[in-house]
Amino acid sequence: MKTRSYIIAIFFFMFLTIIGGCSKENSIQSTAQDSQATDDAAVSIAGAIATNNGGLLDQVQDLLNTPTNTGIQAKTLADSYQTQTFIASYDSVTGWWTDSLSRNKSGVTWATQYSRVYKHQFLNKNGTFQKRYITNSDTAYTIHHEIVSGSESFSNAWLSHALKSLTAKWTGAGTNTDVVTINTTEPYTRTFTDTVTRATSKRTLDGSLTVNFVNVTGPRGSGLNWHKKLSGTVNGHYHAFVTFLKGTSYNEKTIDRDFTIEFGDSLKIKVGGKTYYADAETGSIGN
């Protein structure tokens with residue numbers, strides 16, 4: 001009798017082990033990252049970076065233009081479609097400027113319109129604020145640059161984007177030289193709704209993107225292909241909830257990915273174990 005009970009106990013233990021193993025395997029499979037979801041994340045990230053879209057690089061260019069004699073107001077871009085409005089005010093007690101601007105630009109297959117509220121402060125070599133980039137023949141050595149808020153919409157053949165919120169705090173060091181070193185003191189953060197369109201499928205991505213700068217260098221001011229002179233790698237996190245509207249779907253309903261972006265002739269985006277090369281102006285990607 002004892003022998004029979006012992007055999008039953010062994011079979012019951014084996015059964016529990018098999019069931020547990022299957023559950024563990026199913027859990028691993030359910031949490032696996034889907035390649036198509038990673039592709040969608042890469043499209044969304046590239047769109048949030050590109051200059052034509054009013055993306056991250058557009059704000060970096062504004063930062064690099066701030067420590068110049070002409071500043072952000074005189075910012076010019078290669079395309080002739082851009083219009084801009086600009087209002088600036090100065091607080092002599094704190095040394096902070098507040099800049100409000102709006103821009104519209106478009107091409108044959110794309111259109112962008114956006115507004116920004118910035119704050120910036122010039123610091124001299126002693127770390128004391130001064131009113132302008134050059135004040136009493138003293139050139140600012142450092143700037144503090146903040147994105148207070150932003151609104152935005154853009155669309156092209158594969159992506160439409162609606163910005164919900166935008167914030168960041170940066171420090172630009174070496175503004176008395178031709179090369180500025182950029183660090184975030186609070187991450188660049190944008191929340192959004194993106195609609196990704198592929199040949200026979202369409203989905204929306206509601207989410208957020210955060211980016212941290214550590215010792216990224218770029219040319220003070222701007223010129224032709226200025227973004228190719230950026231040097232360094234930034235890291236960030238992408239989060240989005242997926243709603244499938246048409247065509248192909250995948251298992252992941254919530255996408256979470258850490259990523260890095262390496263600046264250079266093109267943007268090298270590494271996310272979800274894959275590498276994508278994105279055009280800095282349009283946000284179009286390949287892998």
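Of all residues in the range 60-69 being within 17 Å of residue 189 (Cβ to Cβ) and out of contact with any strand residue (DSSP E or B) (no Cβ under 6 Å at 6 or more places or on another chain), which is surrounded by the fewest Cβ atoms within 10 Å (Cβ to Cβ)?
62
Being open to solvent by less than 70 Å² (accessible area, probe 1.4 Å), modelled with pLDDT under 95 and under 20 Å from residue 240 (Cβ atoms) is the filter here; which residues of the range 273-287 pass it?
283, 284, 285
How many residues, within the range 196-219, are out of contact with any His (no Cβ under 8 Å at 6 or more places or on another chain) and either open to solvent by 30 Å² or more (accessible area, probe 1.4 Å) or among the hydroxyl-bearing types (Ser, Thr, Tyr) (or both)?
12
Conditions (1) open to solvent by less than 40 Å² (accessible area, probe 1.4 Å); (2) modelled with pLDDT of 90 or more; (3) part of a loop (DSSP other than H, G, I, E, B); (4) not basic (Lys, Arg), marked per residue:
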{"residue": "40", "(1), (2), (3), (4)": "yes, yes, no, yes"}
{"residue": "43", "(1), (2), (3), (4)": "yes, yes, no, yes"}
{"residue": "78", "(1), (2), (3), (4)": "no, no, yes, yes"}
{"residue": "89", "(1), (2), (3), (4)": "no, yes, no, yes"}
{"residue": "97", "(1), (2), (3), (4)": "yes, yes, no, yes"}
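Just give me the residues in the range 115-134 being part of a strand (DSSP E or B) and basic (Lys, Arg), in sequence order.
116, 119
Would you point out which residue out of 66, 70, 109, 94 is among the β-branched types (Val, Ile, Thr) and in contact (Cβ under 8 Å) with a residue 60 or more places away in the chain?
66
Can you give me the ranges of the strands (runs of 3 or more DSSP E) entirely in the range 136-255 with at least 1 residues that are touching a residue at least 24 places away in the same chain (Cβ under 8 Å), over 25 Å from residue 114 (Cβ atoms) and not β-branched (Val, Ile, Thr)?
Once the strands (runs of 3 or more DSSP E) in the range 136-255 are filtered for at least 1 residues that are touching a residue at least 24 places away in the same chain (Cβ under 8 Å), over 25 Å from residue 114 (Cβ atoms) and not β-branched (Val, Ile, Thr), what remains is 159-173, 233-246.
If we keep just the residues of the range 103-138 that are over 23 Å from residue 70 (Cβ atoms) and of a type in the set (A, V, I, L, M, F, W, C), which is most open to solvent (accessible area, probe 1.4 Å)?
Among residues in the range 103-138 that are over 23 Å from residue 70 (Cβ atoms) and of a type in the set (A, V, I, L, M, F, W, C), the one most open to solvent (accessible area, probe 1.4 Å) is 108.
Residues 73, 33, 29, 84: which one is modelled with pLDDT under 90 and assigned to a loop (DSSP other than H, G, I, E, B)?
33
The values are calculated or read from the model by the stated rules, or taken from the named source; none is laboratory data. Predicted, not measured: the structure shown is a model, and the values here were computed from it. All Cβ positions, glycine included, derive from the backbone under ideal geometry; neighbour counts span all protein chains shown. Protein only, heavy atoms only, side chains kept; ligands, DNA and RNA dropped before computing areas. Shrake-Rupley method; radii C 1.70, N 1.55, O 1.52, S 1.80 Å.
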